[in-house]
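Only the coordinates and a few stated rules stand behind these numbers; no lab work does. The structure presented is a predicted model; accordingly, all values stated were derived computationally and were not measured. Glycine also receives a Cβ, built like all others from the backbone with ideal geometry; neighbour counts cover every protein chain displayed.
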Amino acid sequence: MATGYDRTTQRRTAQRRRPSERSSQSARLKARKRKTNLAVFYVATLIVGVVVAVFLFAMAFQTIGDTISLPSPAQQAQEPVVTEVVRPGRDRAFGMVTATNTSSPRTVTLHLIETGRTQRFNMTEATAVLDRFGTAIAFGEVNMGQIVDILYDAASGDMSELSLSGQAWEQQHRGNLNINPEAGTITIGNQTHTYSSQTLVLNRGEPFSVAQINSEDAVTLVGYGNKIWSIRLDGGHGSIRFENADRVLNGRVTVGNSILTGLDGTRPISVIEGTHRIIVEGANIENFLADVVVRQGETSVVNLLDVTFRQGTLQLNINEPDATIILNGEVVELENGRMEMDFGIHILRVEKTGFTPVQEEFEFNQPFMRMDLELSQDRNLLHQILIETFPSDAQVFLDDALVGNSPTVVEVGAGHFHVVLRRAGYEERHFPLTVDEASPRQYLLHLVQQQTQLPPVDNNQGAAAPGDLLPPLPEDWAPVPSPGIPDWNLTESDSPLIPPAVPDNWPPAAEDMPLPPPDNVPLPPLPPPDDIPLPPLPEPGGGFDDWPDSDLGGFDDWPDSEWGGFDDWLDIPTHDDLWALPEGN
């Protein structure tokens, strides 16, 4: 046992220890303290990790159940089967609202997503109804097809809380839906969701079919994960149909700000119900604007009959100026070869008798357009006309165009023409020619020799004075076509009506022919062809040209005697122009 001296001695010894020993002891105490703090940090980190792991596991467990199925539409229409709750206490449920009853007793029927069962729950005065943010809402704001979370008493089925689930998603879309019935998908933008035949589809609270949804409809989609659990039709669709759309060239239609399509009168445009501003544009019209009211399931009609057409001028150049012009089935008249017309597609037809019609369909889309059309004679409708003259080798002009020297054959269609005959030494002869199915095909025309100036006649010898000349032919006189010639191919030897050639020395010169007194003019006898009786002479005072025609024609058509034909005999100036026929001859 140590004495007091010894203890005192030990304390003094300790106090006399060196400073280095005291510093080493302090360092050991600090190291022990650091180890203790590190152990506490490890334990705390472990506890936090366990808590996080439990939270993540709980979240993953709540996502299970995505493969459950919905009841069929037939089952939806039936009274839901209520699953009896067998365990007591409070519980939580997650499901889609399939039915609500707002009258007493108020109930909510859910399709439980986690179990796939359908169960009905009771609303009480104490039931809290909340939106997804925890704000109180009315029970009437809970709609079929929404996904809700509930707290309920398992024994009674009474709910203490009903809230719109924050785990579900809800999207509203107006048009631009891409529905693929075969794949069972709905794509909006770059998102694709699946649906099935059991998906709850509602239109104004009534069961509906996905096949009746149009890509332009307004819908609300409610889903959980990648699956659509309900589709609510917020706005249906109708259509707009255009009448008289064919009047608009290259038409385009804008509906609101979203639809731009080609104008087609046979295919209605599907649009969402409501009022729409439409704009119709076209290459041939001014812009047409209208406000159209469209109701679900109905077709609104827009008539384009009253659109304002743009107009321009068409210049027509046709080689036959008197042709008939038909535009879109109506005969039109040109003013200085021009006409005003609407922009658009037109059908132009030009016709003239004896010519092949020309018809063209063209697009008129300019303020001014020129069109050249040429009519050609229809070979199947041409008539061959033989024109002969006596004497022959006269130039034949048809409507101022030289067609050859007589005899010549011209091919013309039906119509009215003007023939001019010209031969040196003979007067120019004009002849109106009408050609139709019944008109002659051969004409024999006599030319009149140009008159020679004769010396004055001594009236004392009984010659007629110039005032005694035969009266002129009437203004409406026209040659009579040669009758009795069945075929213009007959030669001179084949037809007795074609006069033979006149001798070169006929007619004699005026100075070689003494003029007998008027009362003693000898006339050559008329040789009757084949003893055909001659017609009676006309009344005194006329010339031979005034004799009436027989069945074979006038005297101009009779064969010549040794003096020549009657026409040539009468053309002698001394007889035809100065002398009248004696009375009684």
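List E216, E437, E141 from most exposed to least, where exposure is judged by having the fewest other Cβ atoms within 10 Å.
Values: E216 22, E437 6, E141 10.
Result, fewest neighbours first: E437, E141, E216.
When the label point is put 7 Å from the Cα of L381 along its Cα-to-beta-carbon vector, which residues of the stretch 407-435 have a backbone N closer than 13 Å?
412-416
For the pair T45 and T185, what calculated FRET efficiency results from E = 1/(1 + (r/R0)^6), where r is the Cβ-Cβ distance and R0 = 45 Å, to the nearest 0.05? Walk me through the numbers on the way to the answer.
Details: r = 46 Å, r/R0 = 1.02.
Using R0 = 45 Å, I get an efficiency of 0.45.
Work out how much length T266 to R441 would gain on full extension: take 0.36 nm times their residue separation and subtract the Cα-Cα distance, in nm to one decimal. Don't skip to the answer; put the middle values down first.
Working: separation 175, 0.36 × 175 = 63.00 nm, distance 5.70 nm.
Here the answer is 57.3 nm.
Cα convex hull of the stretch 382-446: how many Å³ per residue? Present the calculation step by step, with values, prior to reporting the outcome.
On the way: hull volume 4.5 nm³, N = 65.
Cα convex hull per residue, to the nearest whole number: 69 Å³.
Of V219, V148, A128, which is farthest along the charge dipole of the stretch 128-236 in the positive direction, counting Lys and Arg as +1 and Asp and Glu as -1 at C-beta?
V219
Sorting check: for 225-236, 324-335, which peptide has the highest mean count of neighbouring beta carbons within 10 Å, and how do the rest follow? Mind showing how you got there, number by number?
Numbers: 225-236: 19.5, 324-335: 11.8.
Highest mean packing first, the order is 225-236, 324-335.
Please arrange H430, H237 by counting, for each residue, the other beta carbons lying within 10 Å of its beta carbon, fewest first. Intermediate results must be reported in sequence, preceding the final value.
Details: H430 10, H237 23.
Ranked by crowding around the Cβ, least crowded first: H430, H237.
Would you work out the relative contact order for the stretch 190-249, in percent, from Cα pairs under 8 angstrom that are 6 or more residues apart?
On the way: 71 pairs, mean separation 20.5, N = 60.
Computed value for the stretch 190-249: 34 percent relative contact order.
Could you line up S209, S258, S165 from fewest to most neighbouring Cβ atoms inside 10 Å?
Working: S209 10, S258 13, S165 19.
With the sparsest Cβ surroundings first, the list reads S209, S258, S165.
For the stretch 169-235, place one equal point scatterer on every Cα, skip the solvent, and apply the Debye formula. What is log10 of I(q)/I(0) at q = 0.13 Å⁻¹?
-0.28
Restricting everything to alpha-carbon atoms, can you work out Rg to Rh for the stretch 237-303 with a Kirkwood hydrodynamic radius? Show your work: numbers first, answer last.
Values: Rg = 11.0 Å, Rh = 11.8 Å.
A ratio of 0.93.
Could you pull out which residues in the stretch 252-269 have an amide N less than 11 Å from a spot 7 Å beyond the Cα of N287, following the Cα-Cβ vector?
Only 254 pass the distance filter.
Please give the per residue volume of the convex hull enclosing the alpha carbon atoms of the stretch 315-375, rounded to a whole number of Å³. Don't skip to the end; give the middle numbers.
On the way: hull volume 4.8 nm³, N = 61.
So the per-residue Cα hull volume is 79 Å³.
Could you derive backbone 3J(HN,Hα) for the stretch 178-189 from the dihedral phi with the Karplus parameters 6.51, -1.76 and 1.60 (θ = phi - 60°), listing whole Hz in sequence and x where the residue is Gly or Pro?
With coefficients 6.51, -1.76 and 1.60, one gets 10, 9, 10, x, 5, 8, x, 10, 10, 10, 10, x Hz.
What is the spin-label model distance, in nm, from S196 to V210 if the labels are put 7 Å beyond Cα along the C-beta direction?
1.1
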